[in-house]
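Chemist: Quick one: structure below, then a few questions.
The values are calculated or read from the model by the stated rules, or taken from the named source; none is laboratory data. All values derive from a computational prediction rather than experimental measurement. As a convention, Cβ positions derive from the backbone with ideal geometry for all residues, glycine included, and neighbour counts pool all protein chains shown.
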Amino acid sequence: MTVRVRFAPSPTGHPHIGNIRTVVFNWLFARQNNGQFVLRIEDTDRTRYVPEALRAITESLRWLGMDWDEGPDVGGPYGPYVQSERLALYRQKAEELIEKGWAYRCNCSPERLERVRAAQRAQGKPPMYDGHCRNKPPGAVSPDEPHVIRLKVPREGKTVVHDLLKGEIAFENRLIDDQILLKSDGYPTYHLAVVVDDHLMHISHVIRADEWLPSTPKHVLLYRAFGWEPPVFVHVPLVLGPDGKKLSKRHGAVSVAEFKRQGYLPEALFNYLALLGWAPGEGDEQEIFTREELIERFDLRRVKLSPAVFSYEKLDWMNGVYIRNLSDEALLERLIPFWQEAGLIPSPVPAEELERLMILVPLVKERIKRLRDVVPLTDFIFTEIEPPAPEKLIGKKMTARQSLEALRSAHELLKNLVPFDAATMEPRMRQLAKDLGLKAGQLFTIIRVAISNKKVAPPLFGTMEALGRQKTLQRLAQAEEILAAYITETEAHA
RNA sequence: GGCCCCAUCGUCUAGUGGCCUAGGACGUCGGCCUCUCAAGCCGAAAACAGGGAUUCGAAUUCCCUUGGGGCCA
């Protein structure tokens, strides 16, 4: 059997990371079986339609490295792949079901339906259509008057759903509503459209989230009504937020675009998502997988049954691992857009600026979890800094005078240092600390504050090299002035 | 409320009747390293939801309870 799976999102906004995890499973399954992965747009709910959504969906999938074999943009043998372009088909299929006695027209007014529902609720019964039009003689409701088409669900017995992961699940037919298949505006409901399309597009495995499990018996009934072979159903667990509820915006970033903007690497996010609800097992403790390894190792049958909580902490860790595994050149390339976005460097990047950036890359590499983190870590190199407060310029267990002396000595040393690079600086500065009777940390901290006005920054010498001699000396001079003024002032008061 | 799904450290998980004194990872805590912060290394705390049953033996099988989640309104 040829494996054919699909991702069938509604174009209602940016794709959600929880849904994307399910896409990852679909894609992996398709690729490892040399099958096809189909993208289909389910836009039959016109009230929630967002025009830019289609682009957001395709961009997100592409960014994560998931390609599709058939879809709205690439076409394919079973198109069109947008449901709103298939309306005639659904209408035709609904009529077919009426002819077969599996569906009927219903012209009950909304008021009547509301009345029925209210009565049922009053009796503590689940609200369902009462079958008012179900037993009217054929033709009683004219095709020309406003009406819906409903599925004639058997009143007795059970409908069994076969799920690859959960096994057989039985639903009592009497609890299944006479589902509307075609709305009065001629649009199909989800249930009709999904069954018709999955069948016509030869989908072999419907891999979707658990939230669809309760509607699956309706789908099974529809397959039976049409006389079609149902696909293999695979309901995979939901992705939850840290509070155990379905992951949503209030938990933090949920759209792929947001993860991209924060500087997650697509390969890291992909890796993390693949491991959310699946693990290689057999005692294998590997967690970092290439895309190829995942395609090879992924096992649909090993997907967990219980919902998984999305851990931003673990994703951050994994992203850091991927960042550190990048070559300096590759990381530089990925970092540049973030520096540009923050307005720290121009676009395109001048050649001499590139050299400076290249000095920085190895220094920031093991200090960032997300690419965006590079901005607050290095901004002081590109922009002017707030003059540091004098108290911050006084070294640990040191007086203001000692600190000033340390600054002046360092200034003197750096003024004529050739070449002005980290390798040359470091031994000289260490010697200077010794000569001044200071610990290296005492001296370096003062200088760090002087040049960055930060107490946390990348390693000092590389930072100064990137800053350049002129700016370094300028900032040291500024710090000296601040400290000198401070000393004069405090001594005047004393 | 009805129906359905699920249940191992805080989180992701390994485990499919004896290998379990329940393993790994993230996070947390402590230490080492160290110019700050990281990274790295070492170490620690941390779980089989509860109760029955089956069995010589149960995290692993069955039942009930509890808890969580989803769907329908």
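Chemist: Which members of segment A:465-489 meet the condition of being of a type in the set (V, I, T) and within 11 Å of A:P390 (Cα to Cα)?
Modeler: A:I482, A:I487
Chemist: Spot the failing condition for A:K471; the list is (1) under 24 Å from A:R356 (Cα atoms); (2) surrounded by fewer than 21 Cβ atoms within 10 Å (Cβ to Cβ); (3) touching a residue at least 40 places away in the same chain (Cβ under 8 Å); (4) more than 7 Å from RNA strand B (Cβ to nearest atom), and only one is missed.
Modeler: That leaves (3) as the condition not met.
Chemist: If you don't mind, another one. Could you check, for segment A:260-280, whether at least one of its residues is in a helix (DSSP H, G or I), in contact with a Lys or Arg (Cβ under 8 Å, 6 or more places away or on another chain), among the acidic types (D, E) and without any contact (Cβ under 8 Å) to a residue 40 or more places away in the chain?
Modeler: no
Chemist: Here is a follow-up. Hand me the list of strands (runs of 3 or more DSSP E) wholly inside segment A:72-180 holding 2 or more residues that are touching a residue at least 40 places away in the same chain (Cβ under 8 Å), of a type outside the set (V, I, T) and closer than 30 Å to A:S306 by Cβ.
Modeler: Hits in segment A:72-180: A:158-163.
Chemist: Additional query: Run A:K100 past the list (1) charged (D, E, K, R); (2) within 16 Å of RNA strand B (Cβ to nearest atom); (3) in contact with a helix residue (DSSP H, G or I) (Cβ under 8 Å, 6 or more places away or on another chain) and report the number of the one that doesn't hold.
Modeler: With (1) charged (D, E, K, R); (2) within 16 Å of RNA strand B (Cβ to nearest atom); (3) in contact with a helix residue (DSSP H, G or I) (Cβ under 8 Å, 6 or more places away or on another chain) applied to A:K100, the lone miss is (2).
Condition check ((1) under 20 Å from A:P458 (Cβ atoms); (2) among the hydrophobic types (A, V, I, L, M, F, W, C); (3) away from RNA strand B (no atom under 11 Å from the Cβ)) across all residues:
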site: A:R408; (1), (2), (3): no, no, yes
site: A:L413; (1), (2), (3): no, yes, yes
site: A:N416; (1), (2), (3): no, no, yes
site: A:D421; (1), (2), (3): yes, no, yes
site: A:R428; (1), (2), (3): yes, no, yes
site: A:Q431; (1), (2), (3): no, no, yes
site: A:K434; (1), (2), (3): no, no, yes
site: A:A440; (1), (2), (3): yes, yes, no
site: A:L443; (1), (2), (3): yes, yes, no
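Chemist: Taking into account only those residues within segment A:234-245 that are in contact with a helix residue (DSSP H, G or I) (Cβ under 7 Å, 6 or more places away or on another chain) and surrounded by 15 or more Cβ atoms within 10 Å (Cβ to Cβ), which is farthest from A:P214 (Cα to Cα)?
Modeler: So the residue we want is A:G241.
Chemist: Now for a different question. Between A:I169, A:I207, A:I176, which is over 29 Å from A:R302 (Cβ atoms), of a type in the set (A, V, I, L, M) and within 16 Å of RNA strand B (Cβ to nearest atom)?
Modeler: Answer to the selection: A:I176.
Chemist: Of all residues in segment A:243-259, how many are part of a loop (DSSP other than H, G, I, E, B), near RNA strand B (Cβ under 7 Å from one of its atoms) and not small (G, A, S)?
Modeler: Residues that pass the stated criteria total 1.
Chemist: Please give the helices (runs of 4 or more DSSP H) falling wholly within segment A:288-403 in which 3 or more residues are under 21 Å from the mean Cα position of the chain (by Cα) and either within 13 Å of RNA strand B (Cβ to nearest atom) or at pLDDT 95 or above (or both).
Modeler: A:291-297, A:312-325, A:328-341
Chemist: Quick one: is A:S255 over 24 Å from A:P337 (Cβ atoms) and of a type outside the set (F, W, Y)?
Modeler: It is false that A:S255 is over 24 Å from A:P337 (Cβ atoms) and of a type outside the set (F, W, Y).
Chemist: Next up: Quick one: how many residues across segment A:337-356 are in contact (Cβ under 8 Å) with a residue 60 or more places away in the chain and over 25 Å from A:E313 (Cβ atoms)?
Modeler: Qualifying residue count for the region: 1.
Chemist: Follow-up question, since we're still on this one. Which residues, taken from segment A:201-241, are β-branched (V, I, T) and either out of contact with any strand residue (DSSP E or B) (no Cβ under 6 Å at 6 or more places or on another chain) or in a strand (DSSP E or B) (or both)?
Modeler: Matches in segment A:201-241: A:V206, A:I207, A:V232, A:V234, A:V236, A:V239.
Chemist: Hey, another quick one. I need the full set of residues from segment A:234-274 which are over 25 Å from A:V321 (Cα atoms) and aliphatic (A, V, I, L, M), in order please.
Modeler: A:V234, A:V236, A:L238
Chemist: Could you please give the count of residues in segment A:179-200 that are surrounded by fewer than 20 Cβ atoms within 10 Å (Cβ to Cβ), farther than 16 Å from A:G227 by Cα and away from RNA strand B (no atom under 12 Å from the Cβ)?
Modeler: The number of residues fulfilling the criteria is 5.
Chemist: Further question: Report, ordered by the first and then the second residue, all pairs with beta carbons closer than 7 Å, sequence separation of six or more or different chains, a first member in segment A:440-452 that is within 12 Å of A:S403 (Cα to Cα), and a second member that is at pLDDT below 95 and within 8 Å of RNA strand B (Cβ to nearest atom).
Modeler: Cβ pairs passing all conditions: A:V449/A:K455.
Chemist: Only residues that are at pLDDT 90 or above and in a loop (DSSP other than H, G, I, E, B): list them for segment A:39-55, please.
Modeler: Selection gives A:R40, A:E42, A:D43, A:E52.
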